[in-house]
Amino acid sequence: MVENSSFSSQKELFDKGTLSVEECVNSFLNKINERNNLNAFLEVYSEEAIRRAKEIDQKIKAGNQGRLAGMVIGLKDNIAFKGHKFSASSKILEGFESQFSATAVERLLNEDAIIIGRLNCDEFAMGSSNENSAYGPVSNHLNEDYVPGGSSGGSTVAVGAGMCHVALGSDTGGSIRQPASFTGTVGFKPTYGRISRYGLIAYASSFDQIGPFSNSIEDAALVSEIMMGKDEFDSTLSNKEVPNLSDLNTHSVKRIAYIKEIFEDDGLDQEIKNQCNQLIEKLKSEGFEVEEVSFPYLDKLVPAYYVLTTAEASSNLSRFDGVHYGHQSKNAEGIDEIYKLSRSEGFGPEVKRRIMTGTFVLSHGFYDAYYSQGQKVRRVIRDKTNEIFQSYDMIIGPTTPTTAFKKNAVKDPITMYLQDIYTVHSNLSGNPSISIPFKNHSENNMPYGIQLMADHFEEKDLLAFSKYLSTIID
Amino acid sequence: MQITDEIIDQIAELAKLKFEGEEKEAIKGDLNNIVHFMDKLREVDTEGVEPLISMVEDENDMREDVIGNEISKEAALKNAPSKNSDYFKIPKVLDKTGE
């Protein structure tokens, strides 16, 4: 982690006046410029960010600043910011301007955060390498031959390369945690129903969750706490009280599980497995009860995820019709052609693949065998997960089976889909989950993360235990 | 389960997408592989299991059905590719030359 580009390490400097917010914004802008070739940002709001920094410097002087005064944030290009361009990295939304801000963004702005730009991602958040963007791939800042992971690749690179303190991403099957693992940042997906999805471009509505990338667990906790909680524009939000996540000093974790099938998975890199095993031994020596549990659905997770998310995507993406907004085909005659040609010209290949798959599983004759069966399997997976959390406080394991791979190395869609094998679990079951930096691999010196999953709405324990865990990782 | 040209045509029509030539062959091949991959789900015994339809444990929390958060007509039409002052525009739907 780049400690010096976390907000938690700089907050005191802002408050004392030794570092102005304007200086901080300028140094991020310089870094963005310097590493422009990474293609992390689709647009940088330089003037606006400097103007706002000056205002916030005044507020700090007057002592009436919000909790995020001085924090500089980048937004994945699927999270709305009023009056700014908004594309989900798709050609179909070229030129689109957002008419409102996401609830999550509103809440950050109310606490005096600064939005510095919008970040590249896989088109409509569909991908695991950030190679599916209509605006070109994002490079991993640690080694530019490698992908940063996806779909929130721009977000993790912006944070990892020190271009902003925090970036927002969205996680439907691992799109926050997998890139965090590939780039050495903290990536946090809260419980489904904790953060309003209002203003997030829907991919799969029963899976999608907004969450942060950061260089410290403190930052992840702080922004999450501010973004969480009731919103009248998202009826799926939980009524549960938002805990004080910023207090990371105490947790109540005693019993920890790890999934046998993951540690027996042929796809898991041997070195990553060995390091995870050593960490488990260390936790035991620190007094935790760490035990193996069986989760016999590992090879069913990704198929279940694809049946259900593509079905939801095919429905959600039907709104892109070439009439109300976005790209309209110049070659179309009549309304049916407007739909077909605008969509066929505007969407990229992976998005079309998923719309076709989703339409197939929902269509007459295949619905019961695929979609309905997928929903039943989802219940089986959720019930089994709940059963594990009746006996354990936490599930620990590798975030990803390997480190980042090289660009253009994975061409087969299914091989790419299997990148998410350890992360989709918590999206299917709705649990909160985090990836924190763990080690660098001896073969390519690229990082990989450790993943923790907690029971529903137990983010406080999840973050406090992550903080503890980060102190025992050497 | 084998994905045929006929299935591709039918699904593409429902999805309002158009595939021709090489692109059609590619999507057929991909869909075949993906469907085969999803067939793994049949191995799970779901006898007597109800489909999980909603991830919300309590009931959905609806706000009062009153008009609020309006955006102006101008804002609503701002991103339309083709419009006049009041409406979204589409090309002619009725073909007057007849059939």
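Which aspartates and glutamates does B:LYS89 reach when only Cα atoms under 20 Å apart count, and residues fewer than 8 places away in its own chain are ignored?
Within the straight-line limit of under 20 Å, B:LYS89 reaches these aspartates and glutamates: A:GLU94, A:GLU97, A:ASP321, A:GLU333, A:ASP336, A:GLU337, A:GLU345, B:GLU74.
For the stretch B:3-33, run through the GluC sites (Glu not before Pro) and keep only the ones in DSSP coil with at most 13 other Cβ atoms within 10 Å of their Cβ. Show your work: numbers first, answer last.
On the way: sites: B:GLU6, B:GLU13, B:GLU20, B:GLU22, B:GLU23, B:GLU25; in loops: B:GLU20.
The qualifying sites are B:GLU20.
If you roll a 1.4 Å probe over the protein assembly as shown with all protein chains in place, what percent of the accessible area is carbon or sulfur?
Values: 10470 of 23210 Å².
Ligands and nucleic acids excluded, carbon and sulfur reach 45 percent.
Filter the cross-link list A:LYS230/A:LYS254; A:LYS11/A:LYS82; A:LYS82/B:LYS78; A:LYS330/B:LYS92; A:LYS260/A:LYS460 down to pairs whose alpha-carbon distance in this structure exceeds 19 Å.
Working: A:LYS230/A:LYS254 31 Å; A:LYS11/A:LYS82 27 Å; A:LYS82/B:LYS78 13 Å; A:LYS330/B:LYS92 14 Å; A:LYS260/A:LYS460 26 Å.
In this structure, A:LYS230/A:LYS254; A:LYS11/A:LYS82; A:LYS260/A:LYS460 exceed 19 Å between Cα atoms.
Would you mind giving the total buried accessible surface between chains A and B, with a 1.4 Å probe and ligands, DNA and RNA left out, rounded to the nearest 100 Å²?
Buried area between the two chains comes out at roughly 5700 Å².
Restricting attention to the stretch A:318-361, which trypsin sites (Lys or Arg not before Pro) occupy a DSSP loop and are surrounded by at most 12 other Cβ atoms within 10 Å? Mind showing how you got there, number by number?
Working: sites: A:ARG319, A:LYS330, A:LYS340, A:ARG343, A:LYS352, A:ARG353, A:ARG354; in loops: A:LYS330.
Sites meeting the loop and neighbour criteria: A:LYS330.
Rounded, prolate or oblate: which fits the stretch A:358-474, taking a ≥ b ≥ c as square roots of the Cα gyration tensor eigenvalues, rounded meaning a/c under 1.5, else prolate when a/b beats b/c?
Verdict is oblate for the stretch A:358-474.
Heavy-atom accessible area of A:PHE86 with all protein chains present, probe 1.4 Å, nearest 10 Å²?
Its accessible surface works out to 20 Å², give or take rounding.
Using a 10 Å cut-off on Cβ to Cβ distances, tally the other chain neighbours for every residue of A:367-377 and report the average as a whole number.
Values: counts 0, 1, 6, 6, 1, 3, 8, 6, 6, 10, 10.
Per residue, the average neighbour count from other chains is 5.
Rounded, prolate or oblate: which fits the protein assembly as shown, taking a ≥ b ≥ c as square roots of the Cα gyration tensor eigenvalues, rounded meaning a/c under 1.5, else prolate when a/b beats b/c? Each step should come with its number before you reach the end.
Details: a/c = 1.62, a/b = 1.14, b/c = 1.42.
Oblate, since a/c reaches 1.5 and b/c is not below a/b.
With the cut-off at 1.5 for a/c, could you classify chain B from its C-alpha gyration tensor as rounded, prolate or oblate?
Details: a/c = 3.01, a/b = 1.19, b/c = 2.52.
Judged from the Cα gyration tensor, chain B comes out oblate (a/c at least 1.5, b/c at or above a/b).
Give the distance, in whole Å, between the Cα centre of the stretch A:86-134 and the Cα centre of the stretch B:1-80.
With the stretch A:86-134 and the stretch B:1-80 each reduced to a Cα centre, they are spaced 22 Å.
How large is ³J(HN,Hα) for each residue in the stretch B:51-63, as worked out from phi by the Karplus curve 6.51 cos²θ - 1.76 cosθ + 1.60 (θ = phi - 60°), to whole Hz, x for Gly and Pro?
Residue by residue, the stretch B:51-63 yields x, 8, 9, 10, 8, 8, 7, 7, 6, 4, 9, 8, 7 Hz.
Express in whole angstrom the spacing between the alpha-carbon centres of the stretch A:302-370 and the stretch A:405-470.
Using only Cα atoms, the two centres lie 29 Å from each other.
Could you work out how far the C-alpha centroid of the stretch A:1-44 sits from that of the stretch A:143-193, in angstrom?
Comparing the Cα centres of the stretch A:1-44 and the stretch A:143-193, I get a distance of 17 Å.
Beyond 31 Å between alpha-carbons counts as too far, so tell me which of A:LYS284/A:LYS439; A:LYS340/B:LYS73; B:LYS16/B:LYS83; A:LYS31/B:LYS83; A:LYS31/A:LYS240 fall in that bin.
Those over the limit are A:LYS31/B:LYS83; A:LYS31/A:LYS240.
Counting other C-beta atoms within 10 Å, and keeping those with at most 11, which DSSP coil GluC sites (Glu not before Pro) do you find in the stretch A:277-363?
On the way: sites: A:GLU281, A:GLU286, A:GLU289, A:GLU291, A:GLU292, A:GLU312, A:GLU333, A:GLU337, A:GLU345, A:GLU350; in loops: A:GLU286, A:GLU333.
Here the sparse-neighbourhood loop sites are A:GLU286.
Given the rule -39500 (n - 2.57) for each run of at least 4 DSSP H residues, summed and divided by the residues of the protein assembly as shown, what is its mean residue ellipticity at 222 nm, to the nearest 500 deg cm²/dmol?
On the way: 19 runs with 219 residues, N = 573.
Computed ellipticity for the protein assembly as shown at 222 nm equals -11500 deg cm²/dmol.
Expressed in nm to one decimal, what extension gain is obtained for the pair A:GLU55 and A:THR236 from 0.36 nm per residue of sequence separation less their Cα-Cα distance? If you can, show how the numbers build up before the last one.
Numbers: separation 181, 0.36 × 181 = 65.16 nm, distance 3.57 nm.
Taking 0.36 nm per residue and subtracting the Cα distance, the gain is 61.6 nm.
The values are calculated or read from the model by the stated rules, or taken from the named source; none is laboratory data. The model shown is predicted, which means the values in this text are computed figures rather than measured ones. For neighbour counting, all protein chains shown are included, and Cβ atoms are generated from backbone atoms with ideal geometry for every residue, glycine included. Side chains are part of the model used for accessible areas, which takes the heavy atoms of the whole protein and leaves out ligands, DNA and RNA. Shrake-Rupley method; radii C 1.70, N 1.55, O 1.52, S 1.80 Å.
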